[in-house]
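**Student:** So that we are looking at the same thing, I have put the structure below in structure tokens.
FYI, it's all coordinate maths here, none of it is from the lab. Quantities reported herein were computed from a predicted structural model and do not represent experimental measurements. Heads up, the Cβs are rebuilt from the backbone with ideal geometry, glycines too, and the neighbour counts pull from every protein chain shown.
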Amino acid sequence: MGTKDEVKQAVEDKEKTEESLKVLRKELGVLKNDLSKVEAITKAAKKKCGENWEVQSKLQEKFRAADAVREEAFVHMHYLRNNNKKRTNISSTKAKEAMKRKKKREEKAKSRAVLKAQKEAEEREKEREKKLRKKERSKCDCYRFYTQD
């Protein structure tokens, strides 16, 4: 064996090593405990992330469906707007044509009324002239009657 000093030194080294081993085992226990806590937190986070991923996927699916509906409605709105413009153009063209026909009818009616008024005025003038001639004749007849005696 070795000397007392060497044995003493070896015993001290052994005690130090055992103390270091105890400290390291305590640290290992703490680290294992921390690791299990972190693993539990990680597992919960992964679960939460998976749930959020599912929710996000569903929301994106709903968004895409709503966007497709919006796009379809937009196209339909443009179709209706263009259709309405065509109808408006057609109806305004028809309205213009109807107004022209109405105006022509009114002008014809007006010209007929003017012609009728002119004919009536001519007839009144003829009647007045007839009366004047008749009066003149009667004057002449009266004059002849008196002059014959």
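**Student:** From the residues MET99, ALA66, GLN118, which one has its Cα farthest along the dipole of the stretch 22-119 in the positive direction, the dipole being from +1 and -1 charges on Cβ of Lys/Arg and Asp/Glu about the Cα centre?
**Tutor:** Among MET99, ALA66, GLN118, the one farthest towards the positive end of the dipole of the stretch 22-119 is GLN118.
**Student:** Enumerate the lysines that LYS126 could reach by cross-link, defined here as Cα to Cα under 28 Å, with residues fewer than 8 away along the same chain left out.
**Tutor:** Qualifying lysines at Cα under 28 Å: LYS108, LYS110, LYS116, LYS134, LYS135, LYS139.
**Student:** What 222 nm value per residue comes from the helices of the chain, counting each DSSP H run with n ≥ 4 as -39,500 (n - 2.57) and dividing by all residues, nearest 500 deg cm²/dmol?
**Tutor:** Helices in the chain give a 222 nm mean residue ellipticity of -38000 deg cm²/dmol.
**Student:** Summing +1 for each Lys or Arg and -1 for each Asp or Glu, what net charge is found among the other residues whose Cβ lies under 14 Å from the Cβ of ALA45?
**Tutor:** Local net charge: +3.
**Student:** Here's a follow-up. Local charge sum around ALA68 (other residues, Cβ-Cβ under 15 Å, Lys/Arg +1, Asp/Glu -1)?
**Tutor:** -1
**Student:** Points 7 angstrom from Cα along the Cβ direction at GLU107 and THR42: gap in nanometres?
**Tutor:** My value for the distance between the label points is 9.6 nm.
**Student:** Moving to a separate point now. Local charge sum around GLU120 (other residues, Cβ-Cβ under 13 Å, Lys/Arg +1, Asp/Glu -1)?
**Tutor:** Counting the neighbours of GLU120, the net charge comes to +2.
**Student:** Tell me the angle of helix 4-148 to the major Cα principal axis of the chain, expressed in degrees between 0 and 90 and rounded to the nearest ten.
**Tutor:** 0 degrees
**Student:** Still on this structure: Mind checking which lysines have their Cα closer than 28 Å to the Cα of LYS26? Skip sequence neighbours fewer than 8 apart in that chain.
**Tutor:** Cross-link targets: LYS8, LYS14, LYS16, LYS37, LYS43.
**Student:** Calculate the spin-label point distance for VAL69 paired with LYS86, positioning each point 7 Å from the Cα along the beta-carbon direction, and give it in nanometres.
**Tutor:** In this crude label model, LYS86 to VAL69 measures out at 2.8 nm.
**Student:** Share of Cα-Cα pairs in the chain beyond 24 Å, in percent?
**Tutor:** 80 percent
**Student:** Based on the Cβ-Cβ distance of HIS78 and LYS58, what FRET efficiency does E = 1/(1 + (r/R0)^6) give at R0 = 35 Å, to the nearest 0.05?
**Tutor:** 0.70
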